[in-house]
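J.: Okay, here's the structure, questions in a sec.
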Amino acid sequence: MHPLLALIGKDLRLHVHNRRALILTLAVPIAIASFFGSLFGGQSGRVKPSGVPVAVVDLDHSAVSAQVLSNLLAEAGLRVSFPTNEAAAQDAVRQGQLAAAVVIPANFGRDAGRGLFGGGAKPDVVLYEDPGRQMESGLVRGLLTQHIISAVARNVFNGASGRQFTREGLARIEEAQGMPAGDRELLRTMLGGVDRWLARVETNGTSAAGAGGPGGGGGGFSLPFNFREEPAVREAVHQFQYNGYAHSFGGMSMQFVLMAAIDWGLAILLERQRGLWRRLRAAPISRGTLLAGRAASSALIGFGTLAVCWGFSMVVFHVRVLGSWPGFVLCNLAVAVFAASLGLFIAAVGRTPEATRGLAIFVILILVMLGGAWIPSFIFPEWLQQASVVIPTRWAMEGFDGMTWRGLGFAAAVKPVLVLLFSSLVCGGLAWRWFRWEAD
Amino acid sequence: MNPPILEVRGLRKTFGSLVAVEEVSFSVAAGECVGLLGPNGAGKTTTLSMLAGLIRPDAGEVLIAGRALTGDTDPAKRRLGLVPQDLALYEDLSAAENLAFFGALYSLSRAELRDRGAAALDLVGLSGRAKDPPRTFSGGMKRRLNLAVALLHDPEILLLDEPTVGVDPQSRNAIFDNLETLRARGKTILYTTHYLEEVERLCSRVVIVDHGRVLADAPLAELRAREGEGQRCTVELAAPAPADWIAALRGLPGVRRVAARESQLIFEVADLTVAVPAVTAWLAQHGAQITQLSSARPNLESVFLSLTGRNLRDD
């Protein structure tokens with residue numbers, strides 16, 4: 001039997017013999033990835049999102065505020081509740097039960113319409129925000145702005161209320177002191193035209209804002225565009241959509257493969273302490289064979305771990321490879337090889353098991369955090385996104401995401417694979433050079 | 001005498017400022033069993049490590065059958081079988097798997113691994129435990145398996161680094177039976193230990209080292225002869241003897257040498273019947289109270305003591 005095969009076989013046997021460690025090696029990443037996956041959106045389209053919890057207190061009770069409330073209730077991304085008063089809403093935000101609370105003041109509909117034409121004081125819509133949930137309150141602010149503009153415009157440029165607002169506007173133009181004559185004439189013409197048009201619509205029985213719906217061609221006043229939401233990923237035959245578990249399983253399984261690889265690197269140092277190293281070095285085998293044996297067994301175990309974790313995610317959470325299968329397999333192999341060489345490198349640098357453990361924790365935390373294994377790297381600040389391109393695990397995650405839920409082709413896997421293999425070569429080479437080969 | 005199969009010439013090894021081996025030279029003939037004897041820290045294990053190619057000497061060379069070891073993959077390494085002082089076994093692999101793995105490092109075929117594994121286990125009396133992992137073994141059984149692993153590739157030279165450390169007398173006897181069998185099969189054995197009785201039982205020649213230097217290299221009989229055919233007599237006193245007594249005692253009839261160690265006086269005597277009455281009478285005249293008196297034939301310990309002035313088990 002070739003010594004290299006013997007070395008690999010021995011490590012695989014040791015791995016399988018330790019049943020408890022084997023189960024933990026697989027169960028822990030699956031459990032954590034499942035948890036993170038559920039946080040990052042889970043299975044899009046299969047599980048109803050919980051929505052951002054927001055409260056609305058309507059002190060106006062006008063047609064405008066009713067329209068705003070109706071639109072907010074129709075938003076899938078929001079979970080709207082109606083507390084009894086403003087104090088209760090504010091308290092719920094303070095206690096973290098709500099991401100935000102909106103208070104629509106009394107006379108909002110009237111004052112907002114006047115405010116649109118610059119007349120009278122603008123109403124204050126109060127938004128209570130949880131400082132710890134700024135992304136969610138930002139979403140609420142955006143949706144609220146959209147629906148208020150829509151409702152107010154609908155009210156101002158529609159029917160009797162619309163005519164009242166235009167007439168009030170015309171009256172303020174006539175009363176305005178010091179307005180240049182040319183400006184006064186232009187505004188009078190514009191609002192007079194609107195008033196006449198509304199009167200005509202009223203007479204003909206057609207709603208001016210009725211054409212505000214999607215595809216409406218009858219004219220009227222509304223938002224000047226419609227949103228059409230489409231997934232940017234290639235859809236497979238079975239119409240799979242974004243799956244948050246794809247990212248979390250890639251990240252978490254890679255993290256645990258890195259940890260396991262460090263353990264295998266440590267195993268060499270423990271072999272040295274236990275005298276096994278003397279026996280291994282006494283045999284007529286090269287240093288390259290010794291390191292290659294450990295690297296190969298570690299990579300095989302890592303690849304097996306990745307395969308089991310991905311398999312679980314596919315069966316239980318319906319994660320799918322929407323991109324290239326060969327690219328996906330290559331990415332996994334490259335990650336396993338990189339982890340194995342990193343383990344040897346850390347062991348070579350650490351020199352003793354104790355020092356290596358401390359160093360390993362630091363290195364793995366940096367790699368998984370900056371690599372986007374915990375949270376996607378697009379959430380990082382711009383400078384960190386730029387800086388993290390030197391982190392091999394960042395490329396691994398790009399490869400995993402690209403081949404799974406992004407549905408990219410084989411070409412998208414080439415760069416991540418090359419970066420990982422190059423990093424493996426560097427780590428392996430340095431390990432070979434820095435390893436303390438002589439027996440104690 | 002067979003030609004030397006193992007030659008050590010001017011070995012030197014330092015670790016920083018520590019000189020582990022200063023100057024060690026000796027040779028071992030094919031089929032010979034040589035004891036490398038010395039106290040802890042004498043440089044035995046470092047010497048053995050250089051012999052096995054585990055560490056590179058700063059100076060000197062090791063010749064296996066007249067040829068120096070060149071590199072990690074030198075085929076001459078196949079002629080060596082190392083039994084490390086530590087139990088170099090994988091505790092979670094079975095005894096048979098341990099043997100198969102270490103044998104495979106020497107590129108043995110599957111059939112060879114199977115047959116030789118069975119033979120090695122048979123030799124050390126562990127055939128019935130082939131499928132059990134060493135973590136279920138007693139200390140003595142692990143030591144025997146540790147020995148068996150080194151035999152799988154059928155080496156001509158066995159390098160044993162204190163192979164009986166920490167085992168009970170019964171297991172030690174079992175290991176010695178194994179080693180005597182191997183010696184009878186013509187294996188060359190270099191046996192490192194600080195147990196004198198082991199060297200006396202197993203080896204025909206002894207190399208005594210201390211502080212990284214060879215103090216003596218001779219057949220056992222020759223070393224004993226150096227100490228003479230006389231006997232050793234130890235007198236235990238109630239109090240340490242004054243230093244000026246030594247010269248006076250040396251002049252007594254039948255006394256060859258005298259050494260003092262704490263409250264003991266150690267005599268090398270030509271004839272017990274002449275020396276003992278003279279010594280006891282002299283001590284009585286000078287007021288010394290004798291608490292114990294014993295005598296023995298000279299052994300390696302006395303040789304070591306006379307060479308180094310230290311007891312073998314002193315650290």
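J.: Of everything in the stretch A:411-435, what is at pLDDT below 95 and among the hydroxyl-bearing types (Ser, Thr, Tyr)? Give them in sequence order.
T.: Hits for the stretch A:411-435: nothing passes.
J.: Looking at the stretch B:38-68, which of its residues are among the basic types (Lys, Arg) and free of Cβ contacts under 8 Å to residues at least 60 places away in the same chain?
T.: If the condition is that a residue be among the basic types (Lys, Arg) and free of Cβ contacts under 8 Å to residues at least 60 places away in the same chain, then B:56, B:67 are the ones that fit.
J.: If I ask for residues that are small (Gly, Ala, Ser) and either without any contact (Cβ under 8 Å) to a residue 60 or more places away in the chain or open to solvent by 10 Å² or more (accessible area, probe 1.4 Å) (or both), which ones from the stretch A:253-297 would you list? Break it down stepwise before answering.
T.: Taking the stretch A:253-297 as the starting set, the residues that turn out to be small (Gly, Ala, Ser) are A:253, A:260-261, A:265, A:267, A:275, A:282-283, A:286, A:288, A:292-293, A:295-297.
Once the filter is applied, which keeps residues that are small (Gly, Ala, Ser) and either without any contact (Cβ under 8 Å) to a residue 60 or more places away in the chain or open to solvent by 10 Å² or more (accessible area, probe 1.4 Å) (or both), the stretch A:253-297 yields A:260, A:267, A:275, A:282, A:286, A:288, A:292, A:295, A:296.
J.: Another question, if that's okay. Return the residues of the stretch B:281-305 that are assigned to a helix (DSSP H, G or I) and either of a type in the set (A, V, I, L, M, F, W, C) or free of Cβ contacts under 8 Å to residues at least 24 places away in the same chain (or both); say none if nothing qualifies.
T.: B:281, B:282, B:283, B:284, B:285, B:300, B:303, B:304, B:305 - these are the residues of the stretch B:281-305 that are assigned to a helix (DSSP H, G or I) and either of a type in the set (A, V, I, L, M, F, W, C) or free of Cβ contacts under 8 Å to residues at least 24 places away in the same chain (or both).
J.: Could you count how many residues in the stretch B:45-59 are more than 22 Å from the chain's Cα centre (by Cα) and under 16 Å from residue B:26 (Cβ atoms)?
T.: Number of matching residues: 1.
J.: With respect to residue B:69, determine if the residue is open to solvent by less than 30 Å² (accessible area, probe 1.4 Å), more than 20 Å from residue B:183 (Cα to Cα) and more than 9 Å from chain A (Cβ to nearest Cβ).
T.: Spelling it out, it is not the case that residue B:69 is open to solvent by less than 30 Å² (accessible area, probe 1.4 Å), more than 20 Å from residue B:183 (Cα to Cα) and more than 9 Å from chain A (Cβ to nearest Cβ).
J.: Sort out for me the helices (runs of 4 or more DSSP H) sitting completely within the stretch A:323-426 that have 1 or more residues that are open to solvent by 10 Å² or more (accessible area, probe 1.4 Å) and under 19 Å from residue A:306 (Cβ atoms). So that I can check it myself, show each step before the final result.
T.: Values: elements: A:325-350, A:353-370, A:382-387, A:392-403.
Filter on the stretch A:323-426 gives A:325-350, A:353-370, A:392-403.
J.: Sticking with this one: Starting from the stretch B:94-110, keep only residues that are at the interface with another protein chain (Cβ under 8 Å from one of its Cβ atoms) and touching a residue at least 40 places away in the same chain (Cβ under 8 Å), then list their pairs with residues that are part of a helix (DSSP H, G or I) and of a type in the set (Lys, Arg) whose Cβ atoms are within a distance under 8 Å, requiring at least 6 positions of separation or different chains.
T.: B:102/A:279; B:106/B:78; B:108/B:116
Yes/no per residue for (1) under 18 Å from residue A:14 (Cβ atoms); (2) away from chain B (no Cβ under 14 Å):
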{"site": "A:277", "(1), (2)": "yes, no"}
{"site": "A:287", "(1), (2)": "no, no"}
{"site": "A:348", "(1), (2)": "no, yes"}
{"site": "A:353", "(1), (2)": "yes, yes"}
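J.: Out of B:188, B:181, B:234, I need the residue that is polar (S, T, N, Q), out of contact with any Phe, Trp or Tyr (no Cβ under 6 Å at 6 or more places or on another chain) and closer than 27 Å to residue B:66 by Cβ. Which one?
T.: Just a single option satisfies the conditions, and that option is B:188.
J.: What number goes with the only condition from (1) open to solvent by 20 Å² or more (accessible area, probe 1.4 Å); (2) among the polar types (S, T, N, Q); (3) more than 11 Å from chain A (Cβ to nearest Cβ) that residue B:47 does not pass?
T.: Result: residue B:47 passes all but (1).
J.: Give A:308, A:319 a once-over and let me know the one that is open to solvent by less than 20 Å² (accessible area, probe 1.4 Å) and either in the same structural domain as residue A:16 (by TED's automatic domain parsing) or within 18 Å of residue A:28 (Cβ to Cβ) (or both).
T.: Only one candidate qualifies: A:319.
J.: Would you confirm whether any residue within the stretch B:73-85 is more than 9 Å from chain A (Cβ to nearest Cβ), crowded, with 16+ Cβ neighbours inside 10 Å and not hydrophobic (A, V, I, L, M, F, W, C)?
T.: Looking through the stretch B:73-85, at least one residue is more than 9 Å from chain A (Cβ to nearest Cβ), crowded, with 16+ Cβ neighbours inside 10 Å and not hydrophobic (A, V, I, L, M, F, W, C).
J.: Can you confirm whether residue A:250 is without any contact (Cβ under 8 Å) to a residue 40 or more places away in the chain, over 30 Å from residue B:49 (Cα atoms) and among the small types (Gly, Ala, Ser)?
T.: So residue A:250 does not fit the description; no.
J.: Suppose we filter the stretch B:51-66 for residues that are closer than 23 Å to residue B:154 by Cβ, among the aliphatic types (A, V, I, L, M) and more than 7 Å from every other protein chain (Cβ to nearest Cβ); how many remain? Write out each step before concluding.
T.: Narrowing the stretch B:51-66 to residues closer than 23 Å to residue B:154 by Cβ: B:51-54, B:62-66.
Subsequent filtering for residues that are among the aliphatic types (A, V, I, L, M) retains B:51-52, B:54, B:62-65.
Going one step further and asking which of them are more than 7 Å from every other protein chain (Cβ to nearest Cβ), we end up with B:51, B:62-65.
Here the count works out to 5.
The values are calculated or read from the model by the stated rules, or taken from the named source; none is laboratory data. Quantities reported herein were computed from a predicted structural model and do not represent experimental measurements. Ideal geometry is used to build each Cβ from the backbone, glycine not excepted, and the neighbour counts take in all protein chains shown. Calculation scope for accessible area: heavy atoms of the full protein, side chains included, ligands and nucleic acids excluded. Shrake-Rupley method; radii C 1.70, N 1.55, O 1.52, S 1.80 Å.
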